[in-house]
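Step one of this worksheet: look at the structure below.
The values are calculated or read from the model by the stated rules, or taken from the named source; none is laboratory data. If you're wondering where the values come from, they're calculated on a predicted model, not measured in any experiment. Please note: Cβ atoms are built from the backbone with ideal geometry, for glycine as well, and neighbour counts cover all protein chains shown. Surface accessibility is based on the protein's heavy atoms, side chains included, excluding ligands, DNA and RNA. Shrake-Rupley method; radii C 1.70, N 1.55, O 1.52, S 1.80 Å.
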Amino acid sequence: PRTTPPPPISAKPAEPPAVSMTVATSPQPEVRLSSDNTGGPLIACIDDSPVLAHSLKKILSTGGYRTLIIQEPMQGFSQLIEHMPSLILLDVMLPHADGYSICRFLRDTPVFKHTPIIILTGRSKPVDRARASMAGATEFLVKPPEPKELLTMIGKHLNKGEKMSG
């Protein structure tokens with residue numbers, strides 16, 4: 001009769017599984033993909049404010065863009081990978097994350113290295129602009145953004161490859 005040897009005995013006890021705690025404000029993280037303008041470029045809006053997300057979606061749809069609304073950035077990262085937006089609008093003040101850190105993280109992720117990232121924030125001091133720039137942000141916009149200014153800024157970055165006008 002063949003017996004299998006017992007498993008090796010480890011010198012240190014097994015570590016307990018890691019426990020992560022998140023404070024949920026809603027049962028499911030809010031990730032919504034608009035399907036209004038099926039042909040337009042996709043813009044991801046990472047912002048915890050449903051009011052701002054709704055107004056951004058309205059502004060973007062008038063410009064012919066589709067929107068991906070992400071209210072919980074760390075859980076929404078898989079959505080970013082899945083949908084590969086053409087541009088990302090990123091809030092700085094998020095409940096479970098710092099927008100500058102998320103921007104740096106996206107810049108370090110090969111698939112988002114060249115994706116335009118526009119930082120949206122209520123702060124407009126030079127130090128905030130410098131932090132956004134150091135984190136790898138493409139642009140900086142004070143919120144709530146002026147619709148025309150936002151669409152112009154997005155157009156500037158998304159039409160770069162299409163029309164080279166001087």
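Residues of the stretch 123-135 being open to solvent by 20 Å² or more (accessible area, probe 1.4 Å), touching a strand residue (DSSP E or B) at 6+ places or on another chain (Cβ under 7 Å), under 14 Å from residue 100 (Cα atoms) and of a type outside the set (Lys, Arg), which ones?
Correct list: empty.
Do we have residue 75 as farther than 18 Å from residue 154 by Cβ and modelled with pLDDT of 60 or more here? Don't jump to the end; show me each part of the working.
Details: farther than 18 Å from residue 154 by Cβ: yes; modelled with pLDDT of 60 or more: yes.
The answer is yes for residue 75.
For the stretch 26-41, does any single residue satisfy the condition of being under 19 Å from residue 141 (Cβ atoms) and either modelled with pLDDT of 85 or more or of a type outside the set (A, V, I, L, M, F, W, C) (or both)? Break it down stepwise before answering.
Taking the stretch 26-41 as the starting set, the residues that turn out to be under 19 Å from residue 141 (Cβ atoms) are 41.
Okay, now just the ones that are also either modelled with pLDDT of 85 or more or of a type outside the set (A, V, I, L, M, F, W, C) (or both), so 41.
Yes: the stretch 26-41 contains one or more residues that are under 19 Å from residue 141 (Cβ atoms) and either modelled with pLDDT of 85 or more or of a type outside the set (A, V, I, L, M, F, W, C) (or both).
Could you count how many residues in the stretch 48-66 are farther than 20 Å from residue 121 by Cα and surrounded by 21 or more Cβ atoms within 10 Å (Cβ to Cβ)?
Start the filter on the stretch 48-66 by keeping residues that are farther than 20 Å from residue 121 by Cα, which leaves 61-66.
From the residues that got through so far, the ones that are surrounded by 21 or more Cβ atoms within 10 Å (Cβ to Cβ) too are 65-66.
Qualifying residue count, the stretch 48-66: 2.
Please work out which residue is farthest from residue 40 (Cα to Cα), limiting yourself to the stretch 67-85 and to residues that are polar (S, T, N, Q) and surrounded by fewer than 17 Cβ atoms within 10 Å (Cβ to Cβ).
From the stretch 67-85, those polar (S, T, N, Q) are 67, 71, 75, 78-79; that's our starting set.
Next, from what is left, pick out any that are surrounded by fewer than 17 Cβ atoms within 10 Å (Cβ to Cβ): 75, 78.
Details: 75: 25, 78: 21 Å.
Per the stated criteria, the residue is 75.
Residue 98 passes all but one of (1) surrounded by fewer than 17 Cβ atoms within 10 Å (Cβ to Cβ); (2) of a type outside the set (A, V, I, L, M, F, W, C); (3) at pLDDT 90 or above; which number fails?
Checking residue 98 against (1) surrounded by fewer than 17 Cβ atoms within 10 Å (Cβ to Cβ); (2) of a type outside the set (A, V, I, L, M, F, W, C); (3) at pLDDT 90 or above, the one that fails is (3).
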